[in-house]
Structure formats: structure tokens, C-alpha cells
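Scroll down for the structure; my scribbles are underneath it.
The values are calculated or read from the model by the stated rules, or taken from the named source; none is laboratory data. This is a predicted model, so every value here is computed, not measured. Cβ: placed from backbone, ideal geometry, glycine included. Neighbour counts: every protein chain shown.
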Amino acid sequence: MLVSENTIDVIVIGGGFSGLSTAYYLQKKGLNVKVFDASGRIGGRAKTDQIDGFLLDWGTHFYHHSTTELQKIINLTKLGLENIYPGYLLRHNDKFLLYSNPMLKTIDVFPAIFANNISIKDKLRLFGFSLKLKALSYSNIVKQTEMSTLQYFKRAGFSKQTIDTLFKPIISSAIFDRSLQSSSKLSLLFLKSLFNDFVSLPKNGIGSIAEAMVKELAPASVCLKSRVKSISEEGVEFSDGRLIKSKAVVIATNAIDAKKICCKIDLNTESTHVSTIYFETEHPPVSKPVMVLNANEHGLVNHVFVPSLLHANYAPKGKHLVAVNIIKSNELDDDELIAEVMVELSGWFGLQVKDWRHIKTYHIKYAMPFKPIIDDVEFTKHLKDNIFYAGDALSIGTMESALRSGRETAENVIQYLKNEKKLSSLNK
Ligand SMILES: Cc1cc2nc3c(=O)[nH]c(=O)nc-3n(C[C@H](O)[C@H](O)[C@H](O)COP(=O)(O)OP(=O)(O)OC[C@H]3O[C@@H](n4cnc5c(N)ncnc54)[C@H](O)[C@@H]3O)c2cc1C
């Protein structure tokens, strides 16, 4: 079937943050843009399902207040953002230790002062480290000498015990890398954001962010259930046989999917992965919306969060929703994984765990690009002719970098169309 829509200026492949952001900035310049996504919903990796009155995010996911790109597109107040507890509850040996962020929650600092997993010397070093991060700008972090995160913490003088029982759990809950082999710059960027500012969750789930972005696009800009097979000189070919021509094409998918569409793309396809198991319970295992981190080397569970303690509408009345995240590779099938996790968490929270009811398990194979080294950070790539790439695979796995990639790719495309004299008129 050949359908030629010569009226489309730019085809964007992928309706995640990168694709929606690209479309938003191109439409602002007056271009006719269509976003095609293979799935039945927009949002890419950041979607929310509604099941039996529960809101299930595709993995535990937060909005970072230190970021700036999203507010350029939508009015953040419409999201009903609420901040999670600034700090962490560590499960260390068989005790819970509360580490609140002294810059954001001074009132709760005492438990951290007395926590026995870290020496006093390292606690002081940690305080100095967080002040140093506060003073360092994001652009100066990117200019620092690159090394593995593990090497960085060792060089900064932190003991193995502090690295294992504090930094590993924090970093692994943010970027799903427990080995600390990812780029030190990447970890510092995350830690700066986590230590200096609040992180929050929208009232109606992480998926409501992409839904709000679509409202900023022209009507009928997004076409779902439209999988792109390839791109050729004739146009963009879809798996149902459609062929659509446009003046430019932007691939805004993860690195693996991008290579399937255009095998010559030079992108690193290594990624981190995570599984999130959701349970319902009448009795939440903790009293505040705090990230609970496994600070022990053993165990499958990496981190636990109860979103219904932040937004009651994440669960039906009288119920709570528990998100259990696993990043350790394992050979277990779903039933075995659930059973194992429940036994493990009974050791954390007591026998009440046996009454939890399993709702759904998400296995996210491509969670974030795995970055051992971040050299020249780029946010947009002109692949060839009229084909461009936008996505977090170019830089780091965050909503912020995906949105920025979309913005810079839109600028790149406009420049190309101007140079090629393919635009009759452009809005200022
Ligand atoms: C569990 C988890 C937790 C995270 N936590 C955070 C966090 O707390 N804070 C943060 O800032 N970031 C977080 N991230 C990272 C953030 O979600 C991503 O960086 C961001 O969503 C990437 O957006 P994207 O548009 O580049 O790609 P994607 O979201 O992957 O979107 C790509 C889209 O392309 C579509 N597609 C693929 N192939 C085709 C094809 N052939 N044809 C048509 N469409 C196609 C897909 O269906 C998808 O919708 C997290 C990620 C995960 C998985």
C-alpha cells in the first residue's frame, strides 16, 4: 500500500519525551509534524497503567526539580507534583537507618549522625562532598576528568564500607548500575540533582507528563500503533506497508530500536535494566514516601517505594501500592521471583508481607543507556541526508536529556531545511 502525504514536513518516529519535544519545537516554527509510535500509548518508557484502581508507573520514576526543560513546554502546576522524602531509608544488616538530606530536611538529621554503617570521618567527608557538589555547576561536572564511579569515590577517600552501603544503593536506585562501572560524571550529575533539590511524582502518574505534552501539540499530531520498518529514499516505510514521504525524518527511539530502523546508526546499544513488581496491601511497610534501599550485598531487592503514601490516588481507598525494584540479573521465572522477593521482604518488614497481593510485574530491558564514559556530550545527531536522531542514547538516561535532545534536534532540522531551501516560510 502506498500512501504519500506530501504535506508532512517532518516525520518523528517515537512518542517518548524526545519525540514529543522535537515535534513541539518544530510545530512552534509552523511546520507540519506527525509523530508515529509503534505502541498503543504515548510516553515511551515513562507510561502509567491503570489497573483495578491502582496507578502503575512503568518502573519507579521521578521528576527532578533541578531540571529546566519540561517547564519550557508545559505548565508544571497542572501535574500536581508532590516531593518524595528528601533522603533514604537504608536496610543495612537487619536494621533500618534513615539518612535524611541535611540541606532539605534539617529536622531529621539525628538518625544519620548515629547510623553505624559509616564512620564519623566519612560522614564529615560526605557533608563536604555534598557542599562541593552544590557549588559545582552541571557544565563543570561534564568537564571533569572521566573515570568509573567506583574509582571516583575511592579517590575521594571514601571507605569501601561507605561505598558499598551508601553510594552503591543510591546510584543503583537512580541509574540501575550497582557495579559502579558507569561514568563518574553521570553519577555526579545524578547526585547533584538528588542532594540539592527535591524529586517528585505527578499526581496521576509519570505517564501524565507525556499526556500533558501532547496537549501542547496541534490536534491529531500523534499516530499510535504505527511501527516504522525502515527509511529509504522513497520515504518512511511502516510494517503495515504504508509509505509516507516527508522533507525530514527524526528517529526518536532508544538505541536498539533506532538500529532496527537504520542499522548504520553509530549508537551504543548497551543499557541497564530493571524489573518492578507491584503489590497491594492494606498496611504500608513504611510511614513516609521515602526510597527504601538495600544496603546489603546479598538479596535480590534493590529498592522499594510506596507511591500511595505520596499520592493517595495511586491506590483505591483503604489500600496501598508497593513498588519493589530488582536490578540483579537472575534466572527466576515471574512466580519464583515474586515468591523470592516476598520471603526477602518479610525479613525487612515482618510477616505482614505474606498478605501482600501481587498486581503486575514490569521487566524493562532497556531502562537507561549504560555509559562507562561520557566524552563529548551531544544531544542531536544528523545521520545522513534528511534523517536525524534524537534521544537519551546520545547523552544520559534522563527525561531532561531526552527533552533537550528533542529541542536541539528541532533546531538542527530547521537549519537543514533552511539550507536545503525546503521551507517556504517559517514562524519567527
Ligand atoms: C524504570 C525507569 C526509571 C527512570 N527514572 C527516571 C527518573 O527518575 N528521572 C529521569 O529523568 N529519567 C528517568 N528514566 C529515564 C527516562 O525515562 C528516559 O530517559 C526517557 O523516557 C527517554 O525518552 P525517549 O523519548 O528518548 O525514549 P523512549 O521513552 O524509549 O521513547 C521511544 C519511543 O519510540 C517508540 N518506538 C520504538 N521503535 C519504534 C518504531 N520502529 N516505530 C515507531 N515507534 C517506535 C517506542 O514505542 C517509544 O514510545 C527512567 C527510565 C526507566 C525505564
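A few remarks follow.
- Test result for Thr149, within 30 Å of Leu309 (Cα to Cα), crowded, with 19+ Cβ neighbours inside 10 Å and free of Cβ contacts under 8 Å to residues at least 60 places away in the same chain: no
- Scanning segment 14-34 for residues that are at positive phi, within 8 Å of the ligand (Cβ to nearest atom) and either touching a residue at least 40 places away in the same chain (Cβ under 8 Å) or outside the structural domain of Phe176 (by TED's automatic domain parsing) (or both) turns up at least one hit.
- Looking at Thr145, Thr149, Thr165, Thr77, just one residue is β-branched (Val, Ile, Thr), in contact with a strand residue (DSSP E or B) (Cβ under 8 Å, 6 or more places away or on another chain) and over 24 Å from Arg45 (Cβ atoms), and that residue is Thr165.
- For Leu76: the one exception among (1) among the aliphatic types (A, V, I, L, M); (2) surrounded by fewer than 22 Cβ atoms within 10 Å (Cβ to Cβ); (3) within 13 Å of the ligand (Cβ to nearest atom): (3)
- Selection from segment 177-214 of residues that are among the hydroxyl-bearing types (Ser, Thr, Tyr) and within 13 Å of the ligand (Cβ to nearest atom): Ser193, Ser200
- All of Lys319, Lys264 fail the test of being out of contact with any helix residue (DSSP H, G or I) (no Cβ under 8 Å at 6 or more places or on another chain) and of a type in the set (Lys, Arg), apart from Lys264.
- Glu69 vs. criteria acidic (Asp, Glu) and closer than 14 Å to Phe198 by Cβ: no
- A count restricted to segment 393-418 and to residues that are assigned to a helix (DSSP H, G or I) and near the ligand (Cβ under 8 Å from one of its atoms) stands at 7.
- Selection from segment 108-126 of residues that are in a helix (DSSP H, G or I) and modelled with pLDDT under 90: Asp108, Val109, Phe110, Pro111, Ala112, Ile113, Phe114
- Close pairs from segment 85-106: first on the phi > 0 side of the Ramachandran plot, partner in a strand (DSSP E or B), Cβ under 8 Å, at least 6 apart: Gly87/Leu98; Gly87/Tyr99; Gly87/Ser100
Every residue, every condition in (1) farther than 19 Å from Lys203 by Cα; (2) in a helix (DSSP H, G or I); (3) of a type in the set (Ser, Thr, Tyr), yes or no:
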position: Thr7; (1), (2), (3): yes, no, yes
position: Ile11; (1), (2), (3): yes, no, no
position: Gly15; (1), (2), (3): yes, no, no
position: Leu20; (1), (2), (3): yes, yes, no
position: Tyr24; (1), (2), (3): yes, yes, yes
position: Gly40; (1), (2), (3): yes, no, no
position: Leu56; (1), (2), (3): no, no, no
position: His61; (1), (2), (3): no, no, no
position: Thr68; (1), (2), (3): yes, no, yes
